[in-house]
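Written below as structure tokens is the structure these notes are about.
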Number of protein chains: 2
Amino acid sequence: MRIALLGGTGDIGQGLALRFAHDTDHEVLIGSRDPEKARDAVEGYADELESRDVEANIKGFDNEMAADRADVVILSVPPYYAGDTVEAVEDVLDSETILVTPAVGMQGDEDGLHYHPPGTGSVTELVAERAPDEVPVVGAFHNLAADALSDLDNDLDLDTLLVANDDDAKETVRNLSNEIDGLRALDVGPLANAAEVESVTPLVINIAKYNEELHDVGVKFH
Amino acid sequence: MRIALLGGTGDIGQGLALRFAHDTDHEVLIGSRDPEKARDAVEGYADELESRDVEANIKGFDNEMAADRADVVILSVPPYYAGDTVEAVEDVLDSETILVTPAVGMQGDEDGLHYHPPGTGSVTELVAERAPDEVPVVGAFHNLAADALSDLDNDLDLDTLLVANDDDAKETVRNLSNEIDGLRALDVGPLANAAEVESVTPLVINIAKYNEELHDVGVKFH
């Protein structure tokens with residue numbers, strides 16, 4: 001498959017790009033509003049992968065070209081760009097393209113980070129609302145610390161939580177997730193259950209803030 | 001110490017009562033609006049403990065008498081009774097009594113459970129608002145499956161998340177929590193961070209609903 005990471009030059013984009021390129025045989029397409037920036041990022045990712053004797057199957061494009069070529073499009077952009085990024089690429093999305101959203105709305109104060117969803121109830125549902133009706137949307141990868149993903153020396157032992165209304169799309173993303181070493185995908189039902197999934201992101205950041213012994217905090221359910 | 005479980009005849013009360021009585025040397029006081037009901041529950045808990053050769057240090061009272069005798073008062077009541085239960089016992093609470101709240105507001109529909117906090121932002125903050133000003137309030141034990149606690153054959157490997165504005169009270173509850181075998185307390189900062197902690201409760205119930213291999217789901221952060 002071809003996996004596009006829109007905003008793939010950012011920290012969560014980098015982490016997912018490196019893990020997909022390192023652990024799977026899928027082709028990774030880095031998208032950015034500026035294709036030059038995407039190609040620069042790809043050079044860095046390829047160097048990192050080649051230093052580990054992994055031949056990098058990874059290329060840089062502008063967001064629309066990356067989305068156009070992909071089977072799975074991951075919106076690895078900040079939450080306030082998620083809706084606009086969907087609209088910027090909507091002409092190249094169709095019922096065969098799975099749109100994946102990991103973004104979470106948060107607000108910080110001196111106490112920590114607080115979950116701050118948009119009026120739709122969650123960023124995941126906002127993406128579904130802004131996407132063309134026929135495009136299946138899956139919420140995934142919300143709760144993964146970017147630094148934990150990007151450090152390929154770090155053995156993962158993490159869960160990622162999936163929400164979607166389209167069971168086939170969810171199954172595809174579940175399989176993709178499980179191909180990353182040390183990552184396990186759990187089903188949390190339909191998009192309506194996204195808010196509780198997204199809330200874990202500020203929580204794990206708060207846990208890292210208040211517990212010195214924990215960094216880049218992730219979660220396992222059992 | 002003396003630990004009172006108000007509403008200690010319910011499922012989370014039972015779970016915490018059995019674990020505290022089994023794993024620690026603290027005295028456990030079961031409170032109920034009906035003291036007869038509390039004493040009946042205590043008989044059942046004592047039988048369970050004696051079948052494991054544990055001498056049960058556990059007694060039943062009405063809620064106010066239990067709270068009056070206790071150093072730590074755990075509000076193991078449904079969320080919609082939490083505020084009223086605080087007010088029913090407020091005359092016997094003081095700055096030396098730590099009030100612990102594990103309740104979470106949720107609403108269910110066909111998709112699953114959804115986090116449904118009161119206007120204060122969380123049940124934890126509602127309890128703090130309804131309690132006398134000098135009483136330290138700690139949010140804890142929100143995310144523990146009652147059945148997982150109550151089955152003493154079940155080896156726990158779980159985290160519980162603490163929020164409080166009073167560091168000494170939080171430290172006391174942290175130590176108490178860590179005395180339960182297989183339970184680790186993590187600090188999540190002040191009461192203002194309670195909502196993201198409480199949100200984990202509907203999430204773990206949804207995870208159990210959608211993943212056949214998981215039951216009585218709990219969480220570990222690392």
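The values are calculated or read from the model by the stated rules, or taken from the named source; none is laboratory data. No experiment lies behind these values; they were computed from the predicted model shown. Every residue, glycine as well, gets a Cβ built from its backbone with ideal geometry; the counts of neighbours run over all protein chains shown. Just the protein is used for accessible areas: all its heavy atoms, side chains included, with ligands, DNA and RNA removed. Shrake-Rupley method; radii C 1.70, N 1.55, O 1.52, S 1.80 Å.
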Please give the calculated 222 nm ellipticity per residue for chain B, where each DSSP H segment of at least 4 residues contributes -39500 (n - 2.57) and the sum is spread over every residue; nearest 500 deg cm²/dmol?
-11500 deg cm²/dmol
What are the label-to-label distances in nm, one decimal and shortest first, from B:Asp147 to the same spot in the other copies, with labels 7 Å along Cα to Cβ?
3.9
Solvent-accessible area, 1.4 Å probe, carbon plus sulfur percent, for chain A
40 percent
GNM of chain B, Cα pairs under 10 angstrom: of B:Thr172, B:Thr97, B:Thr160, the biggest fluctuation goes to B:Thr172
Which residue in A is nearest the A/B rotation axis when you measure from the C-beta atom, and what is the distance in Å?
A:Ser199, 2
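If you filter the range A:71-137 for GluC sites (Glu not before Pro), then keep DSSP loop positions with at most 14 other Cβ within 10 Å, what is left? Please report the intermediate quantities before stating the final value.
On the way: sites: A:Glu87, A:Glu90, A:Glu96, A:Glu110, A:Glu125, A:Glu129, A:Glu134; in loops: A:Glu96, A:Glu110, A:Glu134.
Sparse-neighbourhood loop GluC sites (Glu not before Pro): A:Glu96, A:Glu110, A:Glu134.
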Sorted from shortest, what are the nm distances separating the label point of B:Glu50 from equivalent points in the other copies, each placed 7 Å from Cα along Cα to C-beta?
7.6
Taking the label point 7 Å from Cα along the Cα-Cβ vector, the copy-to-copy distances for B:Glu213, listed from shortest in nm with one decimal, are 2.8
Quick query: amide H of B:Val138 versus all other amide H atoms, modeled in the peptide plane; which residues come in under 5 Å with a sequence gap of 5 or more or a different chain?
B:Leu99, B:Val100, B:Thr101
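What's the lysine pair count for chain A at a Cα cut-off below 27 Å, pairs eight or more apart or interchain?
Values: A:Lys37/A:Lys59; A:Lys59/A:Lys170; A:Lys170/A:Lys220; A:Lys209/A:Lys220.
Value for chain A: 4.
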Residues in the range A:200-216 that, when all protein chains are in place, have 20 Å² or more less accessible area than the chain alone would give (probe 1.4 Å):
A:Leu203, A:Asn206, A:Ile207, A:Tyr210, A:Asn211, A:Glu213, A:Leu214
Residues with amide H under 5 Å of B:Ala4's amide H, sequence separation 5 or more or different chain, H placed in the peptide plane at 1.01 Å from N; which?
B:Leu29, B:Asp71, B:Val72, B:Val73, B:Ile74
I'd like the distance separating the alpha-carbon centroids of the range A:7-73 and the range A:162-222, in whole Å.
22 Å
Which of A:Asp47, A:Asp111, A:Asp157 ends up with the largest GNM mean-square fluctuation for chain A, with Cα atoms connected below 10 Å?
A:Asp111
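Using a 1.4 Å probe on protein heavy atoms only, how many Å² of accessible area do B and A hide from each other, summed over both chains and rounded to 100?
Interface area, both chains combined: 2800 Å², rounded to the nearest 100.
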How would A:Tyr81, A:Tyr45, A:Tyr210, B:Tyr80 rank on accessible area, largest to smallest, probe 1.4 Å?
B:Tyr80, A:Tyr81, A:Tyr210, A:Tyr45
Neighbour-limited loop hits for GluC sites (Glu not before Pro), the range B:137-218 (at most 15 other Cβ within 10 Å; DSSP other than H, G, I, E, B):
B:Glu212, B:Glu213
Accessible area per residue of the protein assembly as shown at 1.4 Å probe, in Å²?
40 Å²
Treating only Lys and Arg (+1) and Asp and Glu (-1) as charged, each at its beta carbon, one finds that the range A:1-156 has a dipole about its Cα centre, in Debye to the nearest 20, of 120 debye
